[in-house]
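Derivation of every value follows stated rules applied to the coordinates shown; laboratory data play no part. The structure displayed is predicted, hence computed values, not measured ones. Cβ: placed from backbone, ideal geometry, glycine included. Neighbour counts: every protein chain shown.
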Amino acid sequence: MSYHPPTTPCLSSQEMLDYTQGILSTQEQHRIEMHLLDCEFCADAIEGIVMMKNPNELLAIEEDLNFEIDVMTSHEENARSKVKVLFPWRIAAAFALIFVSTLTLWMVLPKKMYKN
C-alpha cells in the first residue's frame, strides 16, 4: 500500500471525536470525510476511536501521554546540556595532564639523554 500525503492538514483529536459522535455540521462532516479519503493516518485514528469503549476519554489520554513525553524529553534535554558543559572541561583536563606529564619527564630524565 502506498502513502499519499493528504491535501489538507490532519484532523485534531477534538475534530475526530466530534465526527465520531456525529455533532458536526453537514459542511464540517463533509470536509472531514474528504480528508479521510486522502489520509490513511486520520482514517485509522477514526477507526480506533470508534472501537474505544469510552471515546470521551480520548482527550484525557492524549493529555496524559503528552505530559509524560514532555517529562521524558525535558530529562533528556537536561542530560544533554550537562554533557555539553562537562565536555570542554574534559578536554582541558586532558591537555593539562599531557603538559604536566611532559614537564615531569623533562625534569626527571637526565639531561645527558637530550645531549646525545
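So the values come out like this:
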quantity: Gain on full stretching of the segment that runs from residue 44 to residue 102 - 0.36 nm per residue minus C-alpha separation; calculated: 14.2 nm
quantity: Isotropically averaged projected area of segment 1-51, using the convex hull of Cα atoms (one quarter of hull area), nm²; calculated: 3.5 nm²
quantity: Neighbourhood charge, 9 Å Cβ-Cβ cut-off, centred on residue 28 and excluding it, Lys, Arg +1 and Asp, Glu -1; calculated: -1
